[in-house]
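Heads up, the thing below is written out as structure tokens.
The values are calculated or read from the model by the stated rules, or taken from the named source; none is laboratory data. Because the structure is a prediction, the values reported are computed rather than measured. Heads up, the Cβs are rebuilt from the backbone with ideal geometry, glycines too, and the neighbour counts pull from every protein chain shown.
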Amino acid sequence: MRLLLSLLLLSSYYKRLSFYNSKLILQATYINRLLLKENIKMKKNYFSELEKLLDNSSAPYSGFSVASIVVCKDGREFKGVNVESAAYPTTICAERNAIFTAVAEGIAKGDIESVHIAARNAEGLLVTAHPCGSCRQVIAEQSMNDCVVYSYQSAQDYTENAIATLLPFAFLGEEL
Ligand code: THU
């Protein structure tokens, strides 16, 4: 009897949880559409360039290759790949590598229009990869919380997200 009761409670809890989750997903999708202003059109598809760039990734420890291209409002493009280190935490992600190069080349905060990402796993399969938390922080700061992130699995199959969707309530440093 007790077991039955706990099972009932558990299932209603999970139902509520999944309802809650789908509501959250719906809200996030809605906010993303608003942030993307519904009608944003990808100016150029970077998949084939990213696929080539993946070969430059240095990922001997995870076998997970990532390539990223940062595109500025004036058309400038900057490339990055993940570079792993034997001292594991020293590894740097593709997205931050691309952004740090862009900064070194003289871009200003707010110049970034979009960030394009492709990844290949240890089995050699192309997989959709969204930026890690640290990269989201750097993308948000350098774009002044206003750019679009494209994660590709193929030229046709990609996700399109506003950075403000990927990192809500971003800490942009105004409080410092
Ligand atoms: N990685 C990236 O380059 N970008 C991401 O957004 C996620 C993770 C890299 C870091 C590491 O070399 C490998 O992927 C596995 O975590």
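For Ala87, are the conditions met, namely being modelled with pLDDT of 95 or more and farther than 25 Å from Ala140 by Cβ?
Values: modelled with pLDDT of 95 or more: yes; farther than 25 Å from Ala140 by Cβ: yes.
Answer is yes for this residue.
Considering only residues of the range 95-122 that are outside any strand (DSSP E or B) and small (Gly, Ala, Ser), which is surrounded by the most Cβ atoms within 10 Å (Cβ to Cβ)? So that I can check it myself, show each step before the final result.
Of all residues in the range 95-122, those outside any strand (DSSP E or B) come to 95-111, 121-122.
With small (Gly, Ala, Ser) added as a condition, the list becomes 98, 102, 104, 106, 108, 110, 122.
On the way: Ala98: 27, Ala102: 22, Ala104: 9, Gly106: 8, Ala108: 11, Gly110: 14, Ala122: 10.
Per the criteria, the residue is Ala98.
Just a yes or no: is a residue in the range 75-83 surrounded by fewer than 21 Cβ atoms within 10 Å (Cβ to Cβ) and more than 30 Å from Tyr61 (Cα to Cα)?
Scanning the range 75-83, I find at least one residue that is surrounded by fewer than 21 Cβ atoms within 10 Å (Cβ to Cβ) and more than 30 Å from Tyr61 (Cα to Cα), so the answer is yes.
Considering only the range 76-114, state which residues are aliphatic (A, V, I, L, M) and touching a Leu at 6+ places or on another chain (Cβ under 8 Å). Can you show your working first?
Pass one, the range 76-114, residues aliphatic (A, V, I, L, M): 81, 83, 86-87, 92, 94, 98-99, 102-104, 107-108, 112.
If the condition is that a residue be aliphatic (A, V, I, L, M) and touching a Leu at 6+ places or on another chain (Cβ under 8 Å), then Val81 is the only one that fits.
Do we find that Ala129 is in contact (Cβ under 8 Å) with a residue 24 or more places away in the chain, near the ligand (Cβ under 10 Å from one of its atoms), over 18 Å from the mean Cα position of the chain (by Cα) and part of a loop (DSSP other than H, G, I, E, B) in this structure? Reasoning before the result, please.
Details: in contact (Cβ under 8 Å) with a residue 24 or more places away in the chain: yes; near the ligand (Cβ under 10 Å from one of its atoms): yes; over 18 Å from the mean Cα position of the chain (by Cα): no; part of a loop (DSSP other than H, G, I, E, B): yes.
No.
Okay, residues lined up against (1) of a type in the set (Asp, Glu); (2) near the ligand (Cβ under 8 Å from one of its atoms):
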site	(1), (2)
Glu51	yes, no
Ala59	no, yes
Gly75	no, no
Phe100	no, no
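Go through the range 123-136 residue by residue and tally those that are closer than 15 Å to Ser68 by Cβ and either out of contact with any strand residue (DSSP E or B) (no Cβ under 8 Å at 6 or more places or on another chain) or exposed (fewer than 12 other Cβ atoms within 10 Å of the Cβ) (or both).
Residues that pass the stated criteria total 4.
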